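Heads up, the thing below is written out as structure tokens.
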Amino acid sequence: MYNFIPTQYQLQSLCCGIEFPDLNWELQCPDPHQPSLIRAIYQEKRLELHHDLPGLYRFADWLPIGRILEGSGSPITYKSHNLSGLLGLEQLYITFNGYWPEKGAHMNTGTFKECEAYSVCARTSNPKGVMVVASAGNTARAFARVCSQNKIPLLLTIPLDNIGALWAEAPLDPCVRIIACEKGGDYFDAIHLSNLAVELDGFYPEGGAKNVARRDGMGTTVLSAVTSIGKIPDYYFQAIGSGTGAIAAWEANLRFLVDGRFGSNKMKLMLSQNSPFLPIKEAWDQRSPVMLPIDDAVARNQVEEINAKVLSNRKPPYAIKGGLFDALSDNGGSIMGINNQEAEEAGELFLQHEGNDLEPAAAVAVASLMKAVKENLVDKKSTIMLNITGGGIEKFKREHSICYLTPEKVFPIHGDPEEVKRQIAEMFHK
Ligand SMILES: [Zn+2]
């Protein structure tokens, strides 16, 4: 029904530079020498917006997709007047991902995880079987939506502590199944469950940061910003969990350098985590090329303290070639720590002055911008992109009735792996 030709692209490994076709949901180099991301190399070097395609798919030139799905929204970018006035900034652009129909933002699950989900599920080499996705909450909600709407078999694994993040506008199609790890478990434990599931026949991993569709889906935030502003910004502000969004922003920036029409600068990545959980900041502050050792029990306690639960990744794609360390090294980026109170105040300020509620991680990003201005880390005349990775959730809940989802099964954190696998297999054979 849409006039759409599958996007033409090759994959390239960052370990040895080899190019290869996207035959079977490729997540790594066919001949891996070291842990390394792969990238999509698009035939179209110049991004043309396809306004005849719905939602996210206007950016199809730089998405590794073979089809168009129903129900997506696109990031929108606007120039801030109120918040920027308050902070004394001249060129503050807000890229908003979430629900704000008055501004043309139609991500009904309220976060930029929809950018990933609608890109991943439309990926050219989408295999048969059940896709397995681990999530701290927002990703699960986004994948549940796109898979339910488009009847794509999905198994979600989520920490039970985050189950409140799993809601939907309507009951889900039975093709979406949900399991959880018990109370006290975190995102890391949910990933462990998903790793067990993909050992079973008929299941395949979504791939997370290693999935080019996921990163390039997130990169649409920068595609929106750059095409709206008309140039590559000087600074990019985002709160990070795994940092995959920041890697994606950097990669989008590199594509625009090749495009050539939007300037030749590299955005400085101004990233933030929710303190006291700061493992990426701690590694980067020492310029360590690998993550520092983390004590599991300490990390669990820190994660319990933070409000922005989605920023709780303990195994980020930091050291991997083409990952966060390389991204930060390439543009002189920095990472700030923001506590709950600073984030809450920033969220309130955004609601008052820009007019929409923020998801806790996005409030962390706004607080980091405020802190950077206060500490003179940015030039007030510079062009700044503030990536609001989630918002309008309260607004959406006020304007719609929603239902909360529950897991079919809850597994112990240190359960017997074979027993866990047996029970998951049983769920799908009933
Ligand atoms: Zn290789």
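If a residue must be more than 26 Å from residue 3 (Cα to Cα) and touching a residue at least 12 places away in the same chain (Cβ under 8 Å), how many such residues does region 66-84 contain?
Qualifying residue count, region 66-84: 5.
Can you say whether residue 378 is in contact (Cβ under 8 Å) with a residue 40 or more places away in the chain, farther than 16 Å from residue 177 by Cβ and β-branched (Val, Ile, Thr), as far as the supplied structure shows?
Numbers: in contact (Cβ under 8 Å) with a residue 40 or more places away in the chain: yes; farther than 16 Å from residue 177 by Cβ: yes; β-branched (Val, Ile, Thr): yes.
Answer is yes for this residue.
Can you tell me which residue in region 296-326 is surrounded by the fewest Cβ atoms within 10 Å (Cβ to Cβ), limited to those that are in a loop (DSSP other than H, G, I, E, B) and touching a strand residue (DSSP E or B) at 6+ places or on another chain (Cβ under 9 Å)?
Across region 296-326, the extreme among qualifying residues is 307.
Could you tell me whether region 259-275 includes any residue that is of a type outside the set (Lys, Arg), crowded, with 24+ Cβ neighbours inside 10 Å, in a helix (DSSP H, G or I) and out of contact with any Asp or Glu (no Cβ under 9 Å at 6 or more places or on another chain)?
no
Restricted to region 327-383, and to residues that are among the small types (Gly, Ala, Ser) and not in a helix (DSSP H, G or I), which residue is surrounded by the most Cβ atoms within 10 Å (Cβ to Cβ)? Talk me through it step by step, then tell me what you get.
Going residue by residue through region 327-383, those that are among the small types (Gly, Ala, Ser) are 327, 329, 332-334, 337, 343, 346-347, 355, 361-363, 365, 367-368, 372, 382.
When the remaining residues are screened for being not in a helix (DSSP H, G or I), the result is 332-334, 337, 355, 382.
Working: 332: 9, 333: 20, 334: 16, 337: 18, 355: 13, 382: 14.
In this case the residue turns out to be 333.
So that you can scan it fast, the table gives a plain yes or no per residue for (1) over 12 Å from the mean Cα position of the chain (by Cα); (2) closer than 20 Å to residue 399 by Cα:
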{"residue": "93", "(1), (2)": "yes, no"}
{"residue": "97", "(1), (2)": "no, yes"}
{"residue": "106", "(1), (2)": "yes, yes"}
{"residue": "113", "(1), (2)": "no, no"}
{"residue": "119", "(1), (2)": "no, no"}
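Have a look at 53, 63, 87 and point out the one that is under 19 Å from residue 347 (Cα atoms) and either in contact (Cβ under 8 Å) with a residue 12 or more places away in the chain or charged (D, E, K, R) (or both).
Answer to the selection: 87.
For every residue, the table says whether it meets (1) closer than 30 Å to residue 94 by Cβ; (2) assigned to a strand (DSSP E or B).
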{"site": "155", "(1), (2)": "no, yes"}
{"site": "174", "(1), (2)": "no, no"}
{"site": "183", "(1), (2)": "no, no"}
{"site": "223", "(1), (2)": "yes, no"}
{"site": "233", "(1), (2)": "yes, no"}
{"site": "252", "(1), (2)": "yes, no"}
{"site": "255", "(1), (2)": "yes, no"}
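Just checking, does region 400-413 include any residue being touching a Pro at 6+ places or on another chain (Cβ under 9 Å) and either surrounded by 15 or more Cβ atoms within 10 Å (Cβ to Cβ) or not in a helix (DSSP H, G or I) (or both)?
Within region 400-413, one or more residues are touching a Pro at 6+ places or on another chain (Cβ under 9 Å) and either surrounded by 15 or more Cβ atoms within 10 Å (Cβ to Cβ) or not in a helix (DSSP H, G or I) (or both).
Testing residue 84 on (1) away from the ligand (no atom under 15 Å from the Cβ); (2) not in a helix (DSSP H, G or I), one condition comes back false. Which one is that?
(2)
If I ask for residues that are in contact with a Pro (Cβ under 7 Å, 6 or more places away or on another chain) and either away from the ligand (no atom under 16 Å from the Cβ) or within 19 Å of residue 252 (Cα to Cα) (or both), which ones from region 12-36 would you list?
Correct list: 24, 25.
For residues that are among the polar types (S, T, N, Q) and at pLDDT 95 or above, scanning just region 1-11, find the one that is nearest to the ligand (Cβ to nearest atom).
Applying the filter and picking the extreme gives 10.
When both residues are 6+ apart or on different chains and their Cβ atoms are under 7 Å apart, which pairs have a first residue that lies in region 10-36 and is closer than 12 Å to residue 321 by Cα, and a second that is more than 8 Å from the ligand (Cβ to nearest atom) and small (Gly, Ala, Ser)?
14/322; 36/322
Just name the residue that is nearest to residue 119 (Cα to Cα) out of those in region 37-69 that are basic (Lys, Arg) and more than 16 Å from the ligand (Cβ to nearest atom).
67
The values are calculated or read from the model by the stated rules, or taken from the named source; none is laboratory data. Please read these numbers as outputs of a predicted model, since none were measured by experiment. Ideal geometry is used to build each Cβ from the backbone, glycine not excepted, and the neighbour counts take in all protein chains shown.
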